[in-house]
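Okay, so here's the structure we're looking at.
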C-alpha cells in the first residue's frame, strides 16, 4: 500500500505539519464517517455530489442507481476526486483572522472502476454494513433485480492525502490581555432514539445493528 501523501498531488504544500502518512489515520477517518463528496467533470463543468461509501481494505465503494446521470458518467471510469471531512470543533481566537476549525480530512484521487456484475452484491454489502455495521445480516436479502438496477464503483486508496487539525487557539502575544475571549466550541453528530416506520415496525424489537449504531453515536 502507498503511504498517504506520497504522490505529487497528495503532498500538502500548505501547513504540511497537519499531514499524516499513517495508513491507520486514513482508515480511521474513512471508517468513522458516512458521507463522501465525489468530484467529477461532466461536459467541461465541475460537479460535486455527496454519496454514501464503504471501505474494504485499500478500496472504497460508491453506489447509485443505474439511471443516475452521475453513475452513468462514473461507469465510463473517469478521473475523480473524493473528499471526506470530519468537523470536530470551531477554534475561536481573539481575532477572526486566527480562528479556524479542528477536523480530520481525507482526499482521494484516482480513476473510478466499474465493479463487475458478479462482484456487485458483495460490494453493495460493504457499503450497507459501512453505514450500519451488521445491517445486511438482519435485512431482507437484496434481489437480483435490485442489484441489476445499481451501479457500483471502486476507487483505490493508493493516492490519498490525510490532514488533521487539532491545534489549540494560538493567539499572537499582542492580542493577549485586551479583554477578548478565546476558546473552542466542540461539535459532534449524535444519534437519538429510532422512529419506527409503521405499525408493523412498532410491534417488533429494534434490530441489534440499529441499537449498536445508536450506542456508538450517542454523545
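Quick note: the coordinates plus some simple rules give every number you see, no bench work behind them. Every value quoted in this text rests on a predicted model; they were computed, and no experiment measured them. Note that each Cβ is placed from the backbone with ideal geometry, even for glycine, and that neighbours are counted across all protein chains shown.
Descriptive notes on the structure:
- Between helix 208-217 and the chain there is an angle of about 10 degrees, using the helix long axis and the longest principal axis of the Cα atoms.
- In the chain, helices alone account for a calculated mean residue ellipticity at 222 nm of -6000 deg cm²/dmol, with every DSSP H run of four or more residues adding -39,500 (n - 2.57).
- Pairwise centroid distance, computed over Cα atoms, of the stretch 111-173 with the stretch 2-61, Å: 12
- Exposure proxy ranking, count of Cβ atoms within 10 Å, fewest first, for 11, 85, 150: 11, 85, 150
- Residue 131 paired with residue 11, simple spin-label distance in nm, labels 7 Å along Cα-to-beta-carbon: 4.0
- Taking label points 7 Å from Cα along the Cα-to-Cβ direction, residue 192 and residue 210 give a separation of 1.6 nm.
- Angle between the chain longest axis and helix 23-32 axis [Cα atoms, degrees, rounded to 10]: 70
- Cα gyration tensor shape of the stretch 1-47, rounded if a/c is under 1.5, else prolate or oblate by comparing a/b with b/c: oblate
- Shape category assigned to the stretch 74-157 from the gyration tensor of Cα positions, a/c cut at 1.5: oblate
- Ranked packing of 195-203, 159-167, most packed first, by mean Cβ within 10 Å: 159-167, 195-203
- Cα gyration tensor shape of the chain, rounded if a/c is under 1.5, else prolate or oblate by comparing a/b with b/c: oblate
- Approximate spin-label separation residue 114-residue 56, in nm, with each point projected 7 Å along Cα-to-Cβ: 1.9
- Rounded FRET efficiency, nearest 0.05, which uses the C-beta distance separating residue 69 from residue 218 and R0 of 41 Å: 0.65
- Sites residue 174 and residue 88 - FRET efficiency at Förster radius 25 Å, r taken between beta-carbons, to 0.05: 0.30
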